[in-house]
1. Which residue, of 444, 397, is assigned by TED's automatic domain parsing to the domain that holds residue 281, at positive phi and part of a loop (DSSP other than H, G, I, E, B)?
2. Any idea how many residues of region 549-562 are assigned to a strand (DSSP E or B), crowded, with 18+ Cβ neighbours inside 10 Å and touching a helix residue (DSSP H, G or I) at 6+ places or on another chain (Cβ under 9 Å)?
3. Kindly indicate which of 105, 97, 65, 71 is of a type outside the set (Val, Ile, Thr) and at pLDDT 95 or above.
4. Return yes or no: is residue 321 free of Cβ contacts under 8 Å to residues at least 40 places away in the same chain and either touching a strand residue (DSSP E or B) at 6+ places or on another chain (Cβ under 7 Å) or not β-branched (Val, Ile, Thr) (or both)?
5. So which residues in region 511-540 are part of a loop (DSSP other than H, G, I, E, B) and charged (D, E, K, R)?
6. Among the residues of region 335-355, write down those that are polar (S, T, N, Q) and in contact with a helix residue (DSSP H, G or I) (Cβ under 8 Å, 6 or more places away or on another chain).
7. Go through region 576-605 and count every residue that is part of a strand (DSSP E or B) and either among the hydrophobic types (A, V, I, L, M, F, W, C) or in contact with a helix residue (DSSP H, G or I) (Cβ under 9 Å, 6 or more places away or on another chain) (or both).
8. Being out of contact with any Pro (no Cβ under 6 Å at 6 or more places or on another chain) and within 16 Å of residue 527 (Cα to Cα) is the filter here; which residues of region 424-453 pass it?
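The values are calculated or read from the model by the stated rules, or taken from the named source; none is laboratory data. This is a predicted model, so every value here is computed, not measured. Here Cβ is always computed from backbone atoms with ideal geometry, including for glycine, and neighbour counts include all displayed protein chains.
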Amino acid sequence: MSPRRIFACLAVSLAAVTGIVSPAPTLAEPVSDQSAADVGGYIVTVRSRDDIDAVIRVARQLGARRFQVFRYALGGFATDLTPQQADRLSRDPRVRRVSPNLPVRKRVVAEGTLPSLVQAGAPYQLDRVDQASLPLDGNFTSPNEAEGVAIYMIDTGVRASHIELAGRVVAGIDVVGADSLGRPAAASWDCDGHGTHTAALAAGTSFGVAKRATVVAVRVLNCDGDGDIEGVIKGIDWVIRHHRAGTLAVANLSLGVAADKDSDPLDDAVRDLLADGIVPVVAAGNSDEDACGTSPGHVAEALNVGATGISDDRFHYSGGGSNYGSCLDLFAPGVRILSASADSDTDTHYESGTSMASPLVAGYAAMIAKDHPGACPASVVEAVVARGVRDVVKNPGANSPNVMLNVSNVSGVAQAAPGTPSALVATPTAGGITVSWDPGCNGGFDTDTTSVRVYRADGGSPIRTLTVKSADRVTVSGLDVSQSYRVSVRRKTAGGASAWSEKSVAMSPAPITAGAQPKTAALAVSTEAKVAGQWSVDTASTGVCRTLNGNARLYVLRRGKCVVDVTPRYTDVAFQRTFSFVEAPTPANSGSGARLVYDRSSKRLYSVDASNRVKRSIAVVAPVVPPATGKYALKSAQGSSEFTARRGNIELRFAALAPACVEGVVCDNVFSPDQLGTAVAPSGVYLPTWDARWYAGQADGMSTLVVIR
């Protein structure tokens, strides 16, 4: 993230670098004749997320070396370029814009500049927002406490141990790092105090609106409350990546920058929050100016909040005041607001500004989300404004809506078009692909259909379109295993249709065979990455598959369906997948008739019937000295799972690694997968217990083991 900082909410005008559509430049030589002093931070927005990696390659050719990729928010990347490099990159037709990375600042006012407006007793902010008008009645009554609803606090971090929030803070991401003095670098700590104060207003037990909501701390501002657009977008990108689309949540951004074309990337990232099912709530700013001149406050899709004082007058003081105007959505208390301090686990203090008003609205949005988890964010935004109290704000400012926050009503919200599906995961099957997704918000409609488009990886038009009812997965069969494919989905309800999702990563439908040891990360790929993480096999599937090596591999014992639960590293959202494993064909040159075949090259043992069909195959531990090719006479030990194969003076022994099975105990559970890969003796070929017994039974009816290369 760029080290540049700003110490006041000032309009910043930098030289524009626009995304002019023209033929891509010839990049035979990188632009490298600029001094280091000419290099600045830029944010590159692409027209299609499909082109992010290709445009990064172009930027690398131009001389860029640092890349912060935003696949979920915005769709693009941040990098360091000279103005000449930025101009050349902007001419690539795949690039939408190239914008300088501007400083961002928290929306709070220094207390020394304010008149004395101390309110004794309980904090008035809660007392005010549960009633229509003054005077205050001394009580705060809420319809629910938003238990379990996530509020992402995109700020300076949150002191997780503070008594107002303890036990309900999730440490998200810290994009800032320690400062020059070595002050802490963690989302669950707050060396400025702004994030802790605002978090407790949204969800504190004493000072907050949504008293049992979950606070997710996303640290994008440093110990002085400063940051930049790149850092904020990086935080938003993390939020979207770790949020399950369709699960309504809230994000509070008590920060901002002057709005111009260079702040467009930040605006787009905030819109992406909304598209993922997260209600964005932003502070309007404290410059006593038109709120349409602030970013992200002017984003029409977000809730833009102004501040009022104890007498319902718009916040105003000698040095500024709450921003106003047509881009504002509503007002909430924001002057001398008492809340948690980051100085200790029990400390409190007063702060003023639109930063304080915004989290009160975020808490109310979380209340609505608690009662209507399938609602779409746009409906929540509409409900928050519609249920505010009219015409009580004094001097709201030119063109401002005269609406005051009121949290009393969380009844049904308006129906809407469904959200866009996201987090596509494609998994291979025999001759096809199983695609699953997070369906997004339902907009208040219980029934829906989803259209599924299948593309060749290198093609622009879909080759097949399917429609499924009320589903979040589909299997596409009959695909050419020599080709790779991508998939996009769109949801439709009585309220309308969503946009098409981002396409999945290219996936080949090549079948997975029994006996394999595939890497788990290679079994499934998502819209953004291979799915690496925590894999666990469902109890009913232990006879078909097991995980190995710290879940890095999935070991397939036999033909059948393997159900696994996956928690990816790139997201906290767990999902379940089913893989269908098929038998490999009979190895070449393995003879004929009913027989056992040990293939040295694949280290697998096959049971083949008289019709030359593989009945069962499994990977085994290969002997230290591979056996000679040819036919071996089989012999099964009476009353044992062992059997042998003899050829002259060569004997191969097939034996269980575990003790004999106890009656009533499933032998599969006795075998330890950790022992795979270790040959106990040069002559040994070892199998899992259950399969050793199975193959011993087969040996009773067969006379020959064929060893082939």
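1. On the way: 444 fails: assigned by TED's automatic domain parsing to the domain that holds residue 281.
Within the list 444, 397, the selection yields 397.
2. Number satisfying all stated conditions: 4.
3. Details: 105 fails: at pLDDT 95 or above; 65 fails: at pLDDT 95 or above; 71 fails: at pLDDT 95 or above.
Sole residue among the options that is of a type outside the set (Val, Ile, Thr) and at pLDDT 95 or above: 97.
4. So residue 321 fits the description; yes.
5. Across region 511-540, the qualifying residues are 528, 538.
6. Across region 335-355, the qualifying residues are 339, 341, 352, 355.
7. Adding up the residues that qualify gives 8.
8. Answer for region 424-453, where residues must be out of contact with any Pro (no Cβ under 6 Å at 6 or more places or on another chain) and within 16 Å of residue 527 (Cα to Cα): 424, 425, 426, 427, 434, 435, 436, 438, 452.
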